[in-house]
1. Filter region 98-107 down to the residues that are out of contact with any Ser or Thr (no Cβ under 7 Å at 6 or more places or on another chain), of a type outside the set (Asp, Glu) and either assigned to a helix (DSSP H, G or I) or touching a residue at least 60 places away in the same chain (Cβ under 8 Å) (or both) and list them by number.
2. Just give me the residues in region 105-153 being surrounded by 14 or more Cβ atoms within 10 Å (Cβ to Cβ) and of a type in the set (Gly, Ala, Ser), in sequence order.
3. So in region 89-104, with the set limited to residues that are over 14 Å from residue 146 (Cα atoms) and of a type in the set (D, E, K, R), which one is most open to solvent (accessible area, probe 1.4 Å)?
4. Here is a check on your reading of the model: is residue 136 assigned to a helix (DSSP H, G or I) and under 18 Å from the mean Cα position of the chain (by Cα)?
5. So which residues in region 54-76 are closer than 13 Å to residue 106 by Cβ and part of a helix (DSSP H, G or I), if there are any at all?
6. Identify all residues within region 108-153 that are in contact (Cβ under 8 Å) with a residue 40 or more places away in the chain and among the aliphatic types (A, V, I, L, M); write none if there are none.
7. Please work out which one of (1) buried (at least 20 other Cβ atoms within 10 Å of the Cβ); (2) in contact with a Lys or Arg (Cβ under 8 Å, 6 or more places away or on another chain) is the condition residue 60 fails and give its number.
Amino acid sequence: MIYMPRKVILFIVAVSIIFLSAGILPAYCQDSDNTFEQLKLELKNEGVTEEFIKITEKSVKRMIASAAPAAEIRTVLLDLWNEGVKGRALKNAIDAVAELVASGDDTLEAAKIASGAAHKAQAEGLSGFGVGMRVKKAVQDRKGYLKTLKNND
C-alpha cells in the first residue's frame, strides 16, 4: 500500500472536484438557458413584450435555477402580464416570487402571496414604495413560516 500525505490527498480531491464541476456546471447552465429561451418564446407567442421579459429575466432565471417548473413560472408571468403589472411593480413582484421559490416555496403559492400583498396595499391607497414594502414584508413573513415548517419536521 502506498502512503500519501494528507495534504496531497486533499489536493487531489480538490482538483477532482474542480474538474467535475467544470464538466457538470456548463451543462447545467446550458439547460437553464434553454429553459429560459423556451419560456421566452412561449411568452412572446402569447403577446408578451420584450420589455416585460427583460424586466423579469433575472428573477425567472433564479426560479429556473431553484428547480421551479417552467409551466408554473409561465403561469405566474402570464398572470402578471394579464393584470397589466409593469415597471417597478413588476420587478418587485417577480423578485418576491423568486426569493420565495429560492427559499423552497411553491411557485404558484409564492405568486399568490406577492400578488395578494400588492393588491391589499393598493386597496389601502398605497402605491410605489409602500406597495413594495408590503410585498417585502409578506415575503419575510412567509420565509419565517417556511422556516418554522422545516424546523418542525
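The values are calculated or read from the model by the stated rules, or taken from the named source; none is laboratory data. Quantities reported herein were computed from a predicted structural model and do not represent experimental measurements. Glycine gets a Cβ as well: all are built from the backbone with ideal geometry, and neighbour counts include every protein chain shown. Surface accessibility is based on the protein's heavy atoms, side chains included, excluding ligands, DNA and RNA. Shrake-Rupley method; radii C 1.70, N 1.55, O 1.52, S 1.80 Å.
1. Scanning region 98-107 gives 100, 107.
2. 110, 111, 114, 115, 117, 118, 121, 132, 138
3. 91
4. So residue 136 passes the test.
5. 63, 71, 72, 73, 75, 76, listed by residue number.
6. 131, 135, 138, 139, 146
7. Only one criterion is unmet by residue 60, namely (2).
For every residue, the table says whether it meets (1) modelled with pLDDT under 85; (2) more than 11 Å from the chain's Cα centre (by Cα); (3) in a helix (DSSP H, G or I).
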site	(1), (2), (3)
3	yes, yes, no
15	yes, yes, yes
25	yes, yes, yes
32	yes, yes, yes
48	no, yes, no
52	no, yes, yes
78	no, yes, yes
88	yes, yes, yes
96	no, no, yes
